[in-house]
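Enquirer: Below is the structure I would like to discuss, written out as structure tokens.
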Amino acid sequence: MTCLKALLHTACWSITLFLAVPLSAEDRCTEGPAGPHDRDYLALCRPRPVTAHEREAFVRSLPAGGAVATLTFKQRAKIDGLAAVLRFHEREAVYDIRFIDIPEAWMGLHGRAVLLISVPALDMLGAKELQALVAHEIGHDYLMTVWEGARASGDAARLRWVEAACDAIAALTLSALGLSTEALASAIAKVERYNRGRFGVPQNASSYPSATERSRLLAKFRSDKR
Ligand SMILES: [Zn+2]
């Protein structure tokens, strides 16, 4: 299905919903949410969590050093809200959350097992923005196989599609929890502004939709909210 690949062709989702082209269960999940009302996707396509053994292997594969062991009271207060998102996706007891001391504002999911949050991201973003970015990272848990395939083949368009699909999964998650998707748009914009202001345009910029495109996609979720 080309809807999320096309990213912001806003009429596409509604056409998809009406055409109702049958998909296999696997295709249904690897094609991402069908649109702003496809909340069923979250439960139907939620992947099997990694086992404790697998998680340990991913933790061991992390580079030595750079981990921040102690958070300030203010930093810790900001991450309290992450539990609600993790619990919703049955990941509270699955992900190992690690804070890392790197210059960039960044959050990432390592091996569907370790949620990495940089100190600048933790300090710069508000609690709701961090919560929203975690919902995006959980989107990567759903689409890790697609992302790995796109990365291996250097398919920047497919990587952009994955980012947009993860935003869609995040928006559905936030909406299901009664939270605003605006926090995700503002987190994405702040991170882009922070990193580009200090480090310039990243080499992998073509693998990401722009913050403006992503904001436009997220607005679609708000305007179509029932
Ligand atoms: Zn992402």
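Enquirer: Report yes if H140 is closer than 22 Å to T181 by Cα and either within 16 Å of the ligand (Cβ to nearest atom) or within 15 Å of the chain's Cα centre (by Cα) (or both), otherwise no.
Expert: When the stated conditions are applied, H140 passes them.
For (1) within 15 Å of the ligand (Cβ to nearest atom); (2) assigned to a helix (DSSP H, G or I), each residue gets a yes or a no:
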{"residue": "E92", "(1), (2)": "no, no"}
{"residue": "E129", "(1), (2)": "yes, yes"}
{"residue": "A132", "(1), (2)": "yes, yes"}
{"residue": "E148", "(1), (2)": "yes, yes"}
{"residue": "G154", "(1), (2)": "no, no"}
{"residue": "G178", "(1), (2)": "no, no"}
{"residue": "I188", "(1), (2)": "yes, yes"}
{"residue": "N195", "(1), (2)": "yes, yes"}
{"residue": "R198", "(1), (2)": "no, yes"}
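Enquirer: Let me ask another. Quick test for you: out of L177, L159, pick the one residue that is aliphatic (A, V, I, L, M) and open to solvent by 50 Å² or more (accessible area, probe 1.4 Å).
Expert: Exactly one residue qualifies, and that residue is L177.
Enquirer: Under the condition of being in contact (Cβ under 8 Å) with a residue 40 or more places away in the chain and of a type in the set (S, T, Y), which residue from segment 113-156 is most open to solvent (accessible area, probe 1.4 Å)?
Expert: Restricting to residues being in contact (Cβ under 8 Å) with a residue 40 or more places away in the chain and of a type in the set (S, T, Y), the top hit is T145.
Enquirer: Would you point out which residue out of L218, L172, L184 is touching a residue at least 60 places away in the same chain (Cβ under 8 Å), assigned to a helix (DSSP H, G or I) and within 14 Å of the chain's Cα centre (by Cα)?
Expert: So the residue among L218, L172, L184 that is touching a residue at least 60 places away in the same chain (Cβ under 8 Å), assigned to a helix (DSSP H, G or I) and within 14 Å of the chain's Cα centre (by Cα) is L172.
Enquirer: Please determine whether any residue of segment 201-212 is open to solvent by less than 30 Å² (accessible area, probe 1.4 Å) and more than 15 Å from the ligand (Cβ to nearest atom).
Expert: No, because not a single residue in segment 201-212 is open to solvent by less than 30 Å² (accessible area, probe 1.4 Å) and more than 15 Å from the ligand (Cβ to nearest atom).
Enquirer: Another question, then. Which residue pairs have Cβ atoms under 7 Å apart, sit 6 or more places apart or on different chains, and have a first residue in segment 55-77 that is under 23 Å from P120 (Cα atoms) and a second that is β-branched (V, I, T) and in a strand (DSSP E or B)?
Expert: Hits for this filter: V59/V114; L62/V114; G66/I100; A67/I100; V68/I100.
The values are calculated or read from the model by the stated rules, or taken from the named source; none is laboratory data. Just so we're clear, the structure is a prediction, and the values are computed from it rather than from any experiment. Cβ coordinates were reconstructed from backbone atoms using ideal geometry, including for glycine residues, and neighbour counts include every protein chain displayed. The accessibility values were calculated without ligands, DNA or RNA, using every heavy atom of the protein model including side chains. Shrake-Rupley method; radii C 1.70, N 1.55, O 1.52, S 1.80 Å.
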